[in-house]
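As structure tokens, the structure follows; a few thoughts come after it.
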Amino acid sequence: MNDVKLGVRPEVEIAGQSGRCRETTIRRPAFLTVSVDDGHSSDLITAELLCKFGLKATFYIPRSNHERPVMEPSEIRELSTMFDVGGHTLNHTPLSKLPRDNAWNEIRGCKDWLEDLLGRPAVSFCYPRGKHNQRVRNLVATARFVGARTCDFNINSFPRDPFRVGVSTHAFSHSVAVQVQHALLQRNLMGLIGFVRTSRMTTDWESHFRRTLDYVETHGGVAHLYLHSWEIQQRNEWDKLTRVLQDAGGRTQVVPITNGKLFSLATAATGTIETLYSKSLTSSGH
Ligand SMILES: [Zn+2]
């Protein structure tokens, strides 16, 4: 379960072997990932729960955040021994409207800061408040992050673009109106369809993520839970988070991976498609 390669799954199940023909069912790859944003000290409680249920996760941590304190460097180091720790800018600054040089300092600066602190490459990035555009995505790629997470909700499919990776469920019970408004603002049509079809417009985030897991177990894709530990603390939802993570940890048909691993798989899959495309051009004489 530790080192997953796209293509190891799908598994082929053989049914009806006593009959004349043998039916086959291809099971698509199914992954489970968790992201935890902002680096509040209550992330250490979330980390304990994730460890308890055998789950993998990426913690996105800015160096500072004017909205709430960020954990101590020694705590970030401790977290990094068990989990992927990703960049979230230096100062938790939304990037899409920043001048290029300031955006670059926030992106490249947080990578340098994390790598100095942890002594290893920081591969994952998350756009503060989910704000991104093509220019920002290019800067994140130029800074040599492997991929980046957005705040596009209700996305359960395998990512096509490693620098625009959405999430399935925000651990916060949004109203239907907020979900629809958010999808329209983010121009997230796929998410809007997912909210209606897969989540059946569920507002309770526990049911929302269970339905996502049910869907991904059956159809393949990625079940991606995104949370702020400070929000869980504020709303006194630790029991709820425990139930959700326990359920997720017991699902044998989904493979737990970090966001970083998911980005690498998405890059590899894109590379494969590009290679196949260039080969087809060569063989057709172009
Ligand atoms: Zn954030």
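The values are calculated or read from the model by the stated rules, or taken from the named source; none is laboratory data. Small disclaimer: the values here were computed from a predicted structure and weren't measured. Methodologically, a virtual Cβ is constructed for each residue, glycine included, from the backbone with ideal geometry; neighbour enumeration extends over all protein chains shown.
Here is a check on your reading of the model: is GLN233 without any contact (Cβ under 8 Å) to a residue 40 or more places away in the chain and in a helix (DSSP H, G or I)? So GLN233 does not fit the description; no. Of the residues making up segment 112-148, those that are of a type outside the set (Ser, Thr, Tyr), touching an Asp or Glu at 6+ places or on another chain (Cβ under 9 Å) and buried (at least 24 other Cβ atoms within 10 Å of the Cβ) are ALA122, CYS126, GLY147.
GLN246 satisfies every condition listed in (1) in a helix (DSSP H, G or I); (2) within 18 Å of the chain's Cα centre (by Cα); (3) more than 14 Å from HIS174 (Cα to Cα) except (2). Taking the listed residues PHE31, PHE53, the one that is buried (at least 21 other Cβ atoms within 10 Å of the Cβ), closer than 20 Å to TYR226 by Cβ and in contact (Cβ under 8 Å) with a residue 12 or more places away in the chain is PHE31, with no other qualifying.
For segment 190-216, filtering for residues that are modelled with pLDDT under 95 and assigned to a helix (DSSP H, G or I) leaves 8. As a summary of the residue check, GLN246 satisfies the conditions (1) modelled with pLDDT under 95; (2) under 27 Å from CYS51 (Cα atoms); (3) of a type outside the set (D, E, K, R); (4) surrounded by fewer than 22 Cβ atoms within 10 Å (Cβ to Cβ) except for the one numbered (1). Scanning segment 215-253 for residues that are of a type in the set (Phe, Trp, Tyr) and within 16 Å of the ligand (Cβ to nearest atom) yields TYR226, TRP230. Among residues belonging to segment 114-142 that are among the basic types (Lys, Arg) and within 16 Å of the ligand (Cβ to nearest atom), point out the one that is farthest from ARG187 (Cα to Cα). Step by step, filter segment 114-142, then rank; the result is ARG129.
Answer yes if at least one residue in segment 253-260 is of a type in the set (Ser, Thr, Tyr) and either surrounded by 16 or more Cβ atoms within 10 Å (Cβ to Cβ) or under 25 Å from LEU95 (Cα atoms) (or both), and no otherwise. Looking for residues that are of a type in the set (Ser, Thr, Tyr) and either surrounded by 16 or more Cβ atoms within 10 Å (Cβ to Cβ) or under 25 Å from LEU95 (Cα atoms) (or both), one finds at least one in segment 253-260, hence yes. Examine segment 143-150 for a residue that is of a type in the set (Lys, Arg), within 15 Å of the ligand (Cβ to nearest atom) and modelled with pLDDT under 95, and state whether such a residue exists. No: segment 143-150 contains no residue that is of a type in the set (Lys, Arg), within 15 Å of the ligand (Cβ to nearest atom) and modelled with pLDDT under 95.
The set of residues from segment 59-71 being within 12 Å of the ligand (Cβ to nearest atom) and over 21 Å from PRO121 (Cα atoms) comprises ASN65, HIS66, GLU67, ARG68. Does THR89 fit the bill of being out of contact with any Leu (no Cβ under 9 Å at 6 or more places or on another chain), modelled with pLDDT of 95 or more, hydroxyl-bearing (Ser, Thr, Tyr) and within 16 Å of the ligand (Cβ to nearest atom)? Criteria not met by THR89. Condition check: within 16 Å of the ligand (Cβ to nearest atom), out of contact with any strand residue (DSSP E or B) (no Cβ under 8 Å at 6 or more places or on another chain) and not β-branched (Val, Ile, Thr). Does SER74 satisfy that? It is false that SER74 is within 16 Å of the ligand (Cβ to nearest atom), out of contact with any strand residue (DSSP E or B) (no Cβ under 8 Å at 6 or more places or on another chain) and not β-branched (Val, Ile, Thr).
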